[in-house]
Amino acid sequence: MATAVQEVLPPTLESTAEPPTLFDGTTRLYTAYICPFAQRAWIARNYKGLQDKMKLVPLDLDNRPTWYREKVYPPNKVPSLEHNNEIRGESLDVVKYIDSHFEGPAILPDDPEKKKFAEELLSYSDTFVGTVFSSIKGDPNADVGAVFDYLEKALSKFDDGPFFLGQFGEVDIAYAPFIERFEPLLLELKKCDITTGRPKLAAWIEEVNKIEAYKQTKLDPQVLLTPLKRKLLGQ
């Protein structure tokens, strides 16, 4: 497994940056280092050991090049994947595509019961993210405790490993970038420790932080939290 590759990350492209030579046979993952959605695809790329086969193209989301929307991905979001002369977007769709079209360790489970539970958890991820965002914005009806309790219970379903489906895979990839941000953010803003009373979640965080493919995508918490607080609270 090639997940221990320590690559030199390319610089972020701003509005004045020239576009790459599009559709020249190079596989490109358009991303942003601070974006949790894009981080999902980045983790999948690293876990499959594709650092030499899938080029990172990081964009400045506050000052992104116009060619990205005009020539690459009209929705103008990250991540998107350029492969075989086509562009694909939406983070979880890109993760699934990477798993099924490239060599390397499997990200999706083969077991039917695990597949079914994976889809349930992936569907719930939008509720999870939306609830935490709403709570931080001040919505009194957003029950943060309930969504983290849901994850704690989900982590008890399979006992063949510390991850959501036992072994590390797509569901962990879906949640890790957000929990990476929510844990320090909720502690700072609401004095809420998400691991209190949730030993499975605490163990999961500890084990995820040992996954090299994920560690390669982590940034200093303040680098992540500053733009997030600005977005959510106008700070």
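The values are calculated or read from the model by the stated rules, or taken from the named source; none is laboratory data. Here the structure is a predicted model, which means the values were calculated and not measured. Here the Cβ positions follow ideal geometry from the backbone for every residue, glycine too, while neighbour counts run over all protein chains shown.
Let's see how each residue does on (1) closer than 21 Å to Ala118 by Cβ; (2) within 16 Å of the chain's Cα centre (by Cα); (3) at pLDDT 95 or above:
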site	(1), (2), (3)
Asp149	yes, no, yes
Glu152	yes, no, yes
Phe168	yes, yes, yes
Glu183	no, yes, yes
Ala213	yes, yes, yes
Asp220	no, yes, no
Lys231	no, no, no
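Which of the residues that make up the range 69-83 are free of Cβ contacts under 8 Å to residues at least 40 places away in the same chain and not polar (S, T, N, Q)?
Arg69, Glu70, Pro74, Pro75 - these are the residues of the range 69-83 that are free of Cβ contacts under 8 Å to residues at least 40 places away in the same chain and not polar (S, T, N, Q).
If you take the residues of the range 185-211 that are charged (D, E, K, R) and farther than 16 Å from Pro162 by Cβ, which of them is modelled with the highest pLDDT?
Asp193
Just one of Arg45, Arg64, Arg88, Arg69 is basic (Lys, Arg) and part of a strand (DSSP E or B); which is it?
Arg88
Could you identify the single residue in Asp52, Asp111 that is more than 18 Å from the chain's Cα centre (by Cα) and more than 20 Å from Pro11 (Cβ to Cβ)?
Asp111
Is it true that Val72 is buried (at least 21 other Cβ atoms within 10 Å of the Cβ) and more than 19 Å from the chain's Cα centre (by Cα)?
yes
Within the bounds of the range 120-138, is there any residue that is on the phi > 0 side of the Ramachandran plot, in contact (Cβ under 8 Å) with a residue 40 or more places away in the chain and surrounded by 12 or more Cβ atoms within 10 Å (Cβ to Cβ)?
no
Would you tally the residues in the range 148-203 being touching a Phe, Trp or Tyr at 6+ places or on another chain (Cβ under 8 Å) and either part of a loop (DSSP other than H, G, I, E, B) or not assigned by TED's automatic domain parsing to the domain that holds Lys215 (or both)?
Adding up the residues that qualify gives 10.
Under 9 Å by Cβ, and 6 or more places apart or on different chains, what pairs join a residue from the range 208-235 that is touching a residue at least 24 places away in the same chain (Cβ under 8 Å) and in a loop (DSSP other than H, G, I, E, B) with one that is surrounded by 13 or more Cβ atoms within 10 Å (Cβ to Cβ) and of a type in the set (Ser, Thr, Tyr)?
Between residues of the range 208-235 that are touching a residue at least 24 places away in the same chain (Cβ under 8 Å) and in a loop (DSSP other than H, G, I, E, B) and residues that are surrounded by 13 or more Cβ atoms within 10 Å (Cβ to Cβ) and of a type in the set (Ser, Thr, Tyr), the close pairs are Ile211/Thr3; Ile211/Tyr47; Gln216/Thr3; Thr217/Tyr33; Leu219/Tyr33.
For the condition modelled with pLDDT of 95 or more, under 15 Å from the mean Cα position of the chain (by Cα) and outside the structural domain of Lys77 (by TED's automatic domain parsing), what is the one hit in Tyr124, Tyr97?
So the residue among Tyr124, Tyr97 that is modelled with pLDDT of 95 or more, under 15 Å from the mean Cα position of the chain (by Cα) and outside the structural domain of Lys77 (by TED's automatic domain parsing) is Tyr124.
Residue check: is Asn46 under 21 Å from Leu228 (Cβ atoms), in contact (Cβ under 8 Å) with a residue 12 or more places away in the chain and not assigned by TED's automatic domain parsing to the domain that holds Gly130?
No; evaluated as a whole, the condition is false for this residue.
Can you find even one residue in the range 168-182 that is out of contact with any strand residue (DSSP E or B) (no Cβ under 7 Å at 6 or more places or on another chain), surrounded by fewer than 20 Cβ atoms within 10 Å (Cβ to Cβ) and at positive phi?
No, the conditions are met nowhere in the range 168-182.
I'm checking my understanding of the structure. Among residues of the range 57-81 that are among the aliphatic types (A, V, I, L, M) and touching a helix residue (DSSP H, G or I) at 6+ places or on another chain (Cβ under 7 Å), which one is nearest to Thr26 (Cα to Cα)?
Leu81
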